[in-house]
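Undergrad: Take a look at the following structure, please.
The values are calculated or read from the model by the stated rules, or taken from the named source; none is laboratory data. Predicted model, so just to flag it, every value in this text is computed and none were measured. Neighbour counts are summed over all protein chains in view; Cβ atoms, including those assigned to glycine, are modelled from backbone coordinates with ideal geometry.
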Amino acid sequence: MKKSLLLLLLVIAGTTPYFSQTNSLPTTGNVGIGTTAPDQKLTVRGSARIDSMLVVKDSIVVNKTATIKSDLKVVGNANLKNDLRVGGSTTLIGTTIIKEGDLKIRSLGDSTLPGDGVLLVNANGKLKNGGELKSLVYSESTYVPCKDDNEGNTTPASPVWLNGPGKLYTSRHCVPDILVGIDQNNPESKLHISINADKDTHPIIVDKKMTGTTERYKLMQLDNTGLLYAREIKVNLNQLWPDYVFAENYELMPLEELKEYIAENNHLPNVPSASEMEEEGVNVAKSNVMLMEKVEELTLYLLQMKEQLEEQKRLLQQQRELILQLQEQTKP
């Protein structure tokens, strides 16, 4: 086979004077095509075209353009200093390193990867167009819903950045519910924040920039101890405010009965005991309603005592006047 190939090359060199000037076809040593000073077993100066399959077990070096219309299989290393075009499949068993330049994949199926696109590899090891990077970060207007609400609105099946940056959206209609964790890979609520007890961190801080300055002041802060700081807290009540105490049909407990109740229970009526507070905590809304109820009841007690004091004052005045009359009548 080698002798046939060598003979063919010698015939070509003898019949083509132009190529014989640049080709080196020695019987031993290196073979050159396009060069008279080959430095490898086969050195090609210029373009090389192979219509069949090229198998390289050691290394391949291409200084210019190589066009292969069939398959290319490189078991060893491939050093391409210029262009390589393969019409068939390419199998690289060794290491492929691109130190300079770009790796461009012009077509993936029937689509063209956009300039800001993402190239994905599926489970079968095949390349696919992942779409624009923006579409993977921000949700589109036509996302797949997890559930429709009663009004026919659709909601995304997972947390998404909605309508651009700064708007993270999760749906309350999804089943199972969507849980978001911060420093927590197994969240147990819609927002689950885990902190390190050894660090003095604040899980939640909400601040506001002061108008006309670069300074900021805190609106709310939650410490790692559970202490909540806020400028103001407004609670929406789901029960009646205790103005019912001032109704005419409200039965105010007599003070004697109140005294006996306190002596027996060690707390006011309709007020949880200390043990209940420690076990269940304090409901801010109910606690404020309860305190206002006691304040209004205390107001009624004070008004009752005022009426009694005024009645006693009236009686004392009558007694004083009667005593003065008796003193006038007993004068000699």
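Undergrad: What pairs come up if the first residue lies in region 265-285 and is among the small types (Gly, Ala, Ser), the second is modelled with pLDDT of 90 or more, and their beta carbons are under 8 Å apart, counting only those six or more places apart or on different chains?
TA: Short answer, once both residue conditions are applied: SER273/ASN265; SER273/ASN266; SER273/HIS267; ALA274/HIS267.
Undergrad: Which of the residues that make up region 272-297 are surrounded by 14 or more Cβ atoms within 10 Å (Cβ to Cβ) and of a type in the set (Ser, Thr, Tyr)?
TA: Selection gives SER287 alone.
Undergrad: Taking the stated definitions as given, is LEU268 in contact with a helix residue (DSSP H, G or I) (Cβ under 9 Å, 6 or more places away or on another chain) and under 21 Å from LEU255 (Cα atoms)?
TA: Yes.
Undergrad: Tell me which residues, restricted to region 209-229, are on the phi < 0 side of the Ramachandran plot and exposed (fewer than 12 other Cβ atoms within 10 Å of the Cβ).
TA: Scanning region 209-229 gives LYS209, MET210, THR211, THR213, THR214, GLU215, ARG216, TYR217, THR225, LEU227, LEU228.
Undergrad: So which of LYS286, LYS306, LYS331 ends up being within 43 Å of the chain's Cα centre (by Cα) and of a type in the set (Lys, Arg)?
TA: Only one candidate passes the filter, namely LYS286.
Undergrad: Which residues, taken from region 265-308, are of a type in the set (D, E, K, R) and closer than 18 Å to TRP241 by Cβ?
TA: Within region 265-308, the subset of a type in the set (D, E, K, R) is 276, 278-280, 286, 293-294, 296-297, 306-307.
Answer for region 265-308, where residues must be of a type in the set (D, E, K, R) and closer than 18 Å to TRP241 by Cβ: LYS286, GLU293, LYS294, GLU296, GLU297.
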